[in-house]
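S.K.: Shown below is the structure under consideration.
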Amino acid sequence: MNFTNQDAIQHIPQLQNIACELGSLGVIEVSGEDSHKLLQGQLTCDMNLINQEQASLGGLCNVKGRLHSVLYVMEFEQCYLLLLPKKILPHVLETLTKYAAFFQTELKDASKDYELWGHTQKAPGNHSAELEVLSVTNLDGIYDLHLNSLFNASVLISRKERASELVSMLAGTTLADKNAWNYIELQAHTPMFSEESIEKHLPHSIGLHQVGGVSFDKGCYTGQEIVARMHYRGKLKTHAVLTAVESEVELNELDTIYNDSDKKVGELIRTTIFDQKTYCLISLKDSALEESLFVGDDKVATSLLN
């Protein structure tokens, strides 16, 4: 999948060498000898690809294939970390804990135990997401989770007691707000959502498979039958795409996308305001790619980013 579009290229200089504290992300720590087995049976990504040098996006589904959450999963020291929006962390922790009772593993909300920052480097990054994994570098106990992004972006993670060391690594960067980081994640087609969208989306409808977050070879996991059926029967007529509104407007997850005939052709996955525009990651029917698009009940005009 190619992430290149003119809007992103235009913003590369502005978003180089920045840092953003990721206070909205929480951490679930999964430890114990059965941790791998538990997560392999629950997440959409292949845990066999996760190690000290590789992480992944993934999803946690219900039995009907609807997503509880999209998250980053990585190996950190002797445990696994799940990075996800704090607002849905309690729900995801409760859901996983129901299955953990059958495994020798421990799950906990460890958000207060870790420091997380978003960071971009001075050079541009990758234009595509052909790899199914995200690279990880262990910088002497401070982990760099590198995103497949035009902006050469990473999530830096450390234990809280080493937070000052992590922050010192960011000396010389420009402090950015959360909207800048949200824009970077949007441009990477990262389909994270908040509590409004719990159990509303199928992985395909929000493009999780487009960014390496779904494995079709790993075997069974909760919801796998529904997800695989859609894939192998060729019923995918909806994909995640980026659009922009030429002004700052308040939009909400799950807002309906309409065409100029007032028919529903998609749904809003996530949105952010950045540089006087409103950017959207939407789930859109392929048949509407050439049509005029409008968001929400107010029918706000939005255009595909090319």
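S.K.: Helices (runs of 4 or more DSSP H) wholly in region 1-107 with at least 2 residues that are loosely packed, with under 15 Cβ neighbours inside 10 Å and modelled with pLDDT of 95 or more - which ones? Working first, answer last.
M.R.: Details: elements: 6-11, 35-40, 89-100.
By residue number, 89-100.
S.K.: May I ask you to list pairs of residues, at least six apart or on different chains, whose Cβ atoms are under 8 Å apart, with the first in region 15-29 being at negative phi and the second being modelled with pLDDT under 95 and hydrophobic (A, V, I, L, M, F, W, C)?
M.R.: Once the first residue is at negative phi and sits in region 15-29, its partners that are modelled with pLDDT under 95 and hydrophobic (A, V, I, L, M, F, W, C) give Leu15/Phe151; Gln16/Ala123; Gln16/Phe151.
S.K.: Moving on to the next point. List the pairs whose first member sits in region 157-174 and is on the phi < 0 side of the Ramachandran plot and assigned by TED's automatic domain parsing to the domain that holds Asp113, whose second member is in a helix (DSSP H, G or I) and at pLDDT 95 or above, and whose Cβ atoms are under 6 Å apart, counting only residues at least 6 apart or on separate chains?
M.R.: Here the result reads Ser158/Leu166; Lys160/Asp113, each pair linking region 157-174 to a residue that is in a helix (DSSP H, G or I) and at pLDDT 95 or above.
S.K.: Return a yes/no flag: does region 177-184 have any residue that is over 19 Å from Val245 (Cα atoms), surrounded by fewer than 18 Cβ atoms within 10 Å (Cβ to Cβ) and not assigned by TED's automatic domain parsing to the domain that holds Leu39.
M.R.: no
S.K.: Find all pairs meeting these conditions: Cβ atoms under 7 angstrom apart; at least six residues apart or on different chains; first residue within region 266-283 and more than 20 Å from Ile198 (Cβ to Cβ); second residue in a strand (DSSP E or B) and polar (S, T, N, Q).
M.R.: Qualifying pairs under 7 Å: Thr278/Thr271; Tyr279/Thr271; Tyr279/Thr272.
S.K.: Please state which one of Leu170, Leu175, Leu145 is within 26 Å of Leu49 (Cα to Cα) and of a type outside the set (D, E, K, R). Can you show your working first?
M.R.: Numbers: Leu170 fails: within 26 Å of Leu49 (Cα to Cα); Leu175 fails: within 26 Å of Leu49 (Cα to Cα).
Residue meeting the stated conditions: Leu145.
S.K.: Please specify each residue of region 247-304 satisfying the condition of being under 23 Å from the mean Cα position of the chain (by Cα), within 27 Å of Ala176 (Cα to Cα) and small (Gly, Ala, Ser).
M.R.: The one that is under 23 Å from the mean Cα position of the chain (by Cα), within 27 Å of Ala176 (Cα to Cα) and small (Gly, Ala, Ser): Ser303.
The values are calculated or read from the model by the stated rules, or taken from the named source; none is laboratory data. A quick note: this is a predicted structure, and the numbers were derived from the prediction, not measured. Every residue, glycine as well, gets a Cβ built from its backbone with ideal geometry; the counts of neighbours run over all protein chains shown.
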